[in-house]
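Written out below as structure tokens is the structure these notes cover.
The values are calculated or read from the model by the stated rules, or taken from the named source; none is laboratory data. Since the model is a prediction, treat every value here as computed from it, not as a measurement. Quick reminder, even Gly has a Cβ in these numbers, built from the backbone with ideal geometry, and neighbours come from all protein chains shown. Accessible surface areas use protein heavy atoms only, side chains included; no ligands, DNA or RNA. Shrake-Rupley method; radii C 1.70, N 1.55, O 1.52, S 1.80 Å.
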Amino acid sequence: MFEALTEKLNAVFKRLGNKGHLTEKDVDEALKEVRIALLEADVHFRVARDFVARVRERAVGAQVLQGLNPGQQVVKIVHEELAGVLSGGDHKLHPAPQLPTIVMLVGLQGSGKTTTAAKLALHLRRQGGQSSLLVAADLKRPAAVEQLVTLGAQLNVPVYREAPGSDPLQVARHGVEKGRELGVHWVILDTGGRLHIDQEMMAELAAVKEAVGPHETLLVVDAMTGQDAVRAAGDFHAQVSLTGLILTKLDGDARGGAALSVTSVTGVPIKFMGMGEKADALEPFYPDRLAQRILGMGDVLSLIEKAQQAVDQEQAKALEQKLRQARFDLQDFLEQLQNLRKMGPLQQVLEMLPGFSQIKGKLSGQDLDERQLKKIEAIIFSMTPQERRNPDILDGSRKRRVARGSGTQVQDVNALLNQFREVQKLMKQFSQGKGRGLLGMLRQ
Amino acid sequence: MFGLLKWREKTQQGVKKSREAWFGRLLQAVRRPKIDEGLWDELEETLLGADVGVATTTRLLERMKERAKTERVTEPETLLPLLQQEMRAVLEAPGQAGLLPERDGEAPKPTVVLVIGVNGVGKTTSIAKLAGYLQNEGKKVVLGAADTFRAAAIEQLQLWGQRVGVEVVAHRQGADPGAVAFDAYQAAKARGADVLIIDTAGRLHTKVNLMEEMKKISRVLHRLDSQAPHQVLLVLDATTGQNGLAQAQAFTEALGVTGIFVAKLDGTARGGILLSICDQLKLPVLFIGTGEGPDDLAPFSAEEFVAALLAASPQQAPS
């Protein structure tokens, strides 16, 4: 659905011709595209307007750096500016001088508070071996307490709950007492989802905050939220003065522009990003990555980091090199598939690749199925090293042998070869054309 | 029938409120001496601020500019009804099918409604509301708890079932959702239920495996009744921005969505992404959800929706 911003901008600058510096007219043309990209990413229209104005100030008259074309130069400025806004404030969760540190999670219905509470407990344990108590203070949503209790049991984290009929204020208060008693490092309060305009419910939240005095009050924001995010966050901030944001559901294809709106309007820093349904899918916040995502640039840095976790440094370098140069044969293809699979669900990894939106169109959903991958592996395993390096030598008889060897049909072998060539072509385009500049730029 | 009366009242109140607001900001905007660029900018911001999205906003404004020209509109005030008309046309284009489609003049028994959506949009709550609504219409309803993934999702549906007084067919957490759907269908059939509503686990539309699982549920139902599921209802959170279109697209491709339920329209979000969805995917909007109570639901009305959307006042937004 989205085209990478750089490509749109390149089209603009192609029309305008290549120049050594950015004129007012160039910049205005380019900024129209930037504005659209921001709006498509759900950045609030006023935030987008102010942002574009700031970029304009910086960009007019700017020298186009060597090795960049004017489109890339504008993207560079936009990206820097965006990362600048996103990186404001403190992105860490700090322990209080005295145990326990109390964290209160607040937000609209369905933003992911309960899941996030559990993830946070796991994160804190994994980061520094710190213990948590989860407090089930959402008494409104049917079975919300049971959900937290179940999650707590799965992760082996204690959960404080009270019988139905209690009220959130009491649960919160007793929960914190319990946390002290247990001597845990953190008490994490899960509160009920509520609408920012529901005065009664907001007053209740303020009362809970008043009663337990949390050290951190974190707003859980769904990355798919649209223009209304600023208003909702603004109201929460006014009522319970937030200290941080947690952006959830970033494992989908939402670009998360709401985060930019919310953080620039409230001045509250983003602390974590929720990247999936599993309990370990909570990641620290990296402004750079979100900036790229909002601009539709793909998450090269995340990808590289994931790769480094999954394979050793050496291998990661080679992989990175290959991803950059797109000079791969079937053997590399196989190795990459294997490495990619180590990095997590394939879909999630592929989505971080710049240009994936184009590749995705070529691969049907089924091709990304893990079972399909096993098949691909089997086919490549049945080829000789020579065939893997140079798939063009695969004639009819070789293909039949490969199909027999892998327990597949010749059609499957053909399908794989076609798909491989398609990807190879796209990768090549990407590295030769507009892509390389973009990748090079990200390195700086 | 009492419940139904309450809905009517509620919608009318809602409409009244939005009508009042409608005359707020936009009226100010059109209180200019003539139609100029500034006015078009105001209209554009109103639409963008309501999540209508760049493409659909641009298309709407272009159509209006054209009409303003051919119909020789010079009064800024005349633009408002024009915009309303254009927006209604977009929303009404997909047609208005009922929730319970009839086959040869007769409703299938049970009519199977599969409810899907991404995580946290309010599927379970919306199902409870639908169940209550249908019961008020004199239908016998059975619910199938096929969200076996999220912790306590089954309990949540069961609690709702008790509250609105409908039977819930459930297995344990972690059970095969296809098997739940199968049993729920058998139970609905045996009880002579008119409608079977199946709750499913929230899933991001980009997760291939989960979408495959969803297709399997659909296949199981299809085997039991070659026309089932008769309705594939996508629940959309009204606060969702541009990603709503991607959601609708992906779910439609995978499962053939037949209608939309917009949840959480009681907040300040305007749900403008619906215009993009209707415009580009031609999916009808069937219901709106407006709160946490079992009665907080109303059949969709394009007229009321448009009025409420345009009444949005971006003034409360940041400066």
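If the requirement is being open to solvent by 10 Å² or more (accessible area, probe 1.4 Å), more than 21 Å from B:PRO177 (Cα to Cα) and hydroxyl-bearing (Ser, Thr, Tyr), which of these qualifies: B:SER226, B:SER218, B:SER301, B:SER276? So that I can check it myself, show each step before the final result.
On the way: B:SER226 fails: more than 21 Å from B:PRO177 (Cα to Cα); B:SER218 fails: more than 21 Å from B:PRO177 (Cα to Cα); B:SER276 fails: open to solvent by 10 Å² or more (accessible area, probe 1.4 Å).
Only one candidate passes the filter, namely B:SER301.
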Is it true that A:GLY67 is open to solvent by 20 Å² or more (accessible area, probe 1.4 Å) and at pLDDT below 90? yes
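Residues in the stretch A:205-214: is at least one within 14 Å of chain B (Cβ to nearest Cβ), open to solvent by 10 Å² or more (accessible area, probe 1.4 Å) and either of a type in the set (D, E, K, R) or assigned to a helix (DSSP H, G or I) (or both)? Quick ask: steps written out before the conclusion?
Going residue by residue through the stretch A:205-214, those that are within 14 Å of chain B (Cβ to nearest Cβ) are none.
No; the residues of the stretch A:205-214 include none that is within 14 Å of chain B (Cβ to nearest Cβ), open to solvent by 10 Å² or more (accessible area, probe 1.4 Å) and either of a type in the set (D, E, K, R) or assigned to a helix (DSSP H, G or I) (or both).
Can A:LYS25 be described as surrounded by fewer than 17 Cβ atoms within 10 Å (Cβ to Cβ), within 14 Å of chain B (Cβ to nearest Cβ) and more than 28 Å from A:LEU242 (Cα to Cα)? It would help to see each step written out before you state the result.
On the way: surrounded by fewer than 17 Cβ atoms within 10 Å (Cβ to Cβ): yes; within 14 Å of chain B (Cβ to nearest Cβ): no; more than 28 Å from A:LEU242 (Cα to Cα): yes.
No; evaluated as a whole, the condition is false for this residue.
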Among residues of the stretch A:143-168 being part of a loop (DSSP other than H, G, I, E, B) and under 30 Å from the mean Cα position of the chain (by Cα), the residue surrounded by the fewest Cβ atoms within 10 Å (Cβ to Cβ) is A:ASN156
Identify all residues within the stretch B:214-229 that are closer than 28 Å to A:GLY252 by Cα and in contact with a strand residue (DSSP E or B) (Cβ under 9 Å, 6 or more places away or on another chain); write none if there are none. B:MET214, B:ILE217, B:SER218, B:LEU221, B:PRO229
Inside the stretch B:119-142, the number of residues satisfying the requirement of being within 13 Å of chain A (Cβ to nearest Cβ), within 20 Å of B:GLY192 (Cα to Cα) and touching an Asp or Glu at 6+ places or on another chain (Cβ under 9 Å) is 1
Tally, over the stretch A:57-116, of residues that are away from chain B (no Cβ under 14 Å) and in a loop (DSSP other than H, G, I, E, B): 22
A:ARG194: passes all of (1) open to solvent by less than 10 Å² (accessible area, probe 1.4 Å); (2) farther than 30 Å from B:VAL208 by Cβ; (3) part of a helix (DSSP H, G or I) but (3)
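Can we say A:GLY365 is at pLDDT below 70 and closer than 30 Å to A:PRO70 by Cβ? Can you show your working first?
Numbers: at pLDDT below 70: yes; closer than 30 Å to A:PRO70 by Cβ: no.
No: the conditions fail for A:GLY365.
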Test set (1) free of Cβ contacts under 8 Å to residues at least 60 places away in the same chain; (2) open to solvent by less than 10 Å² (accessible area, probe 1.4 Å); (3) among the small types (Gly, Ala, Ser) - A:GLY257 fails condition number: (1)
